[in-house]
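The next block holds one structure in the form of structure tokens; read it before the comments.
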Amino acid sequence: MDHQMWEQFLRRWSEEWLAANPDMREQVADGWPGLPPASAEQIAALERRLGRALPPSYRSFLQVTNGWRHTIPFVDELRGADDVGRLRDLDPFMAELYDDIDVFTEEAAVLRRSVLISLEADAGIIVLDPEDVNARGEWAVHELFSWSGEATERHESFYEWMYDSFASFHHLDRPRCETQREWDLKIEEARLASLSGQVDGPLEVLEQAERFGRERATVLLFQLRTMLGDGDPGRLIDHPLADTVNKVQTWELDESLLAAEILPVLFARHARTDHHLTESALAGLQKRGVEAVKRLIADHRSRMSAPGFQISYGNAEFDAAVRAIDFTEPDAWTRLRDALALWRPASNDHVAPVCLMADPRIAPLITPDRGREILSMPRG
């Protein structure tokens, strides 16, 4: 990350942050939350205090702005070169925070040797670890917020921490801006690539877009992870369907997809959940879902209680082919795989026949490897 790249990145961040926070314009001179660049003498003096050269991405950042304000979630200001130093010297309490906690011995060692780069943060600190250096000479960054209830969170480099913070800003504030338009274009390209039979590339794009708060990416990612048997994707789908105060919606609720494909999976997982140990995604949505989601949940529960209720597997040709399979027979998987040639997406938010995973006869047949095989087929 050189000087020019930092300049471009920070300028975009500034513009998009101001688009989301127009009331802050008067507090940010010339639309720049940064400060004048650190001089070569200031950087050299910092390196002498630390006894080593700064990591490349942090050094070039200081050459663009000697500190940074306002835009990072939960971090109001980063220190300038003159104010950076060892955590043990600047904040001895935080440096010793984990010293007497046996389960945090590794984190305690990080804090004792770390370099403090944050000035104002929400009950937290941001530090560089000069003893955790990668092949590019970058020092790991750790963030620690007391309210999180978690230990320090590690990032590979200062730039990667800043990029993660940029993504977090977008996930929280969701400005209508160039970055979001770029992600929406990538999401559509990933959807088409997925339908063509690509798996890992679309997954990577959608995971990144989800970090930026693009809810359509979350809905598509839910379907791919469900087919791959990847953990509990129901936890993922909560955010675009929940009624969160002040959240800017970035996806128009696809009620038909939710009713036909997503809710059957959530109901099936709910039935398998030990409710004494955890809350299912469905139970969470019954409490936190937007009104349309709560209505669709009630409608689905009512249909399930009706005599003769059956899940619809999708478009008529595919549905008929699946119903013709005897799932007690040894050739059931082969026949199901052949039937997938008839499957068609029901909408532009639909990339996989996830409702199959709601059927207790079919779901055991679709192992993670077979789920990947399904996603590797050109579909629709």
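For residue 119, what residues show an amide H to amide H distance below 5 Å, using hydrogens built from the backbone and excluding near sequence neighbours?
77, 78, 79
Pull up all non-local amide H partners of residue 344: gap of 5 or more, or a different chain, and H-to-H distance under 5 Å with H placed in the peptide plane.
315
Can you give me the accessible area per residue for the chain, using a 1.4 Å probe, in Å²?
That works out to 48 Å² per residue.
Hey, what do the phi angles of the stretch 330-336 turn into as Karplus ³J(HN,Hα) couplings, whole Hz, using 6.51/-1.76/1.60 and θ = phi - 60°, x for Gly and Pro?
x, 8, 4, 5, 4, 5, 5
Please report the relative contact order for the stretch 228-311, taking Cα pairs under 8 Å with a sequence separation of at least 6, and give it as a percent rounded to a whole number.
Taking the mean separation of contacting Cα pairs over the length of the stretch 228-311, I get 37 percent.
Compute the distance from the alpha-carbon center of the stretch 343-358 to that of the stretch 279-320, in whole Å.
Centre-to-centre (Cα) distance: 15 Å.
Between residue 12 and residue 96, what length comes free when the chain is fully extended (0.36 nm per residue of separation minus the Cα-Cα distance, one decimal in nm)?
In short, 26.5 nm is gained.
Nothing charged except the Cβ atoms of Lys and Arg (+1) and of Asp and Glu (-1): what's the magnitude of the dipole of the chain about its Cα centre? Round to the nearest 20 debye.
The dipole of the chain has a size of about 1020 debye.
Could you grab the relative contact order for the chain? Cα pairs under 8 Å, six or more apart, rounded to a whole percent.
Computed value for the chain: 12 percent relative contact order.
Quick check: the distance between the Cα centres of the stretch 146-169 and the stretch 10-63, to the nearest angstrom?
17
Describe numerically, in nm with one decimal, the distance between label points set 7 Å from Cα along Cα→Cβ at residue 104 and at residue 316.
Placing both labels 7 Å beyond Cα along the Cβ direction yields 6.3 nm.
Rounded to whole Hz and in sequence order, give me ³J(HN,Hα) for the stretch 289-296 from the Karplus expression 6.51 cos²θ - 1.76 cosθ + 1.60, θ = phi - 60°, writing x for Gly and Pro.
Karplus values, whole Hz, x for Gly and Pro: x, 5, 4, 4, 5, 4, 5, 5.
Expressed as a whole percentage, what fraction of the accessible surface of the chain belongs to carbon and sulfur atoms when a 1.4 Å probe is rolled over the protein heavy atoms?
Carbon and sulfur atoms account for 50 percent of the accessible area of the chain.
When ranked by the protection proxy of mean other Cβ atoms within 10 Å per residue, highest first, what sequence do the peptides 260-272, 99-111 form?
The packing order, highest mean first, is 260-272, 99-111.
For residue 271 and residue 329, what does the FRET efficiency come to when R0 = 35 Å and r is the distance between their Cβ atoms, rounded to the nearest 0.05?
Using R0 = 35 Å, I get an efficiency of 0.90.
Just to check I understand the Karplus step: with θ = phi - 60° and J = 6.51 cos²θ - 1.76 cosθ + 1.60, what whole-Hz values come out for the stretch 259-265, glycine and proline as x?
Ordered by residue, 3J(HN,Hα) equals 5, 8, 10, 7, 4, x, 5 Hz.
Loop-only check: which trypsin sites (Lys or Arg not before Pro) in the stretch 74-173 are DSSP coil with at most 11 other Cβ within 10 angstrom?
Those that pass, being in a loop and sparsely packed, are 136.
The values are calculated or read from the model by the stated rules, or taken from the named source; none is laboratory data. Not measured: the values here are computed from a predicted model. Glycine also receives a Cβ, built like all others from the backbone with ideal geometry; neighbour counts cover every protein chain displayed. Remember, those area values only see protein heavy atoms, side chains included, never the ligands or the DNA or RNA. Shrake-Rupley method; radii C 1.70, N 1.55, O 1.52, S 1.80 Å.
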